[in-house]
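Remarks on the structure that follows.
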Amino acid sequence: MMNTTSLSMMKEGESCRIVRLDMTGKMRSRLMDLGFISGAAAECLHISSGGDPAAYLISGTVIAIRKTDAERIVIMRNGDVPDMFINTLKRRS
């Protein structure tokens, strides 16, 4: 079983892999266009003083995401990513 959490739970400087987006519609499409796809690496660069929004680096782009949206992005912190998951992603590319 994979140890997953939401992107909103990351702290500055932490990195992760995207597992899935638990949303539909335009926001899902926009995030996928920006690189938020299963297996993509992401890093939390900055969390604003009020905690919302936070800036993330993904696919070479810095993106600010509201906490309500980040809560619906399922991730695995890099230390929790099983080799089997990484190998499956490598075969897709």
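We did not get these values from a lab; they are worked out from the coordinates using the rules stated. Keep in mind the model is a prediction, meaning the values are calculated, not measured.
3J(HN,Hα) along the stretch 54-68, derived from phi through the Karplus expression 6.51 cos²θ - 1.76 cosθ + 1.60 where θ = phi - 60°, amounts to 10, 9, 10, 9, 8, 6, x, 10, 8, 10, 8, 10, 5, 4, 4 Hz, with x in place of Gly and Pro. Annotation: amide H of Ala40 within the under-5 Å range of Ile18, sequence separation 5 or more or interchain, hydrogens built in the peptide plane. Here is the P(r) of the stretch 1-78: all C-alpha pair distances, binned every 10 Å from 0, give 21, 60, 19, 0 in whole percents. Computed on the stretch 5-80, with alpha-carbon pairs under 8 angstrom and 6+ residues apart, the relative contact order is 43 percent.
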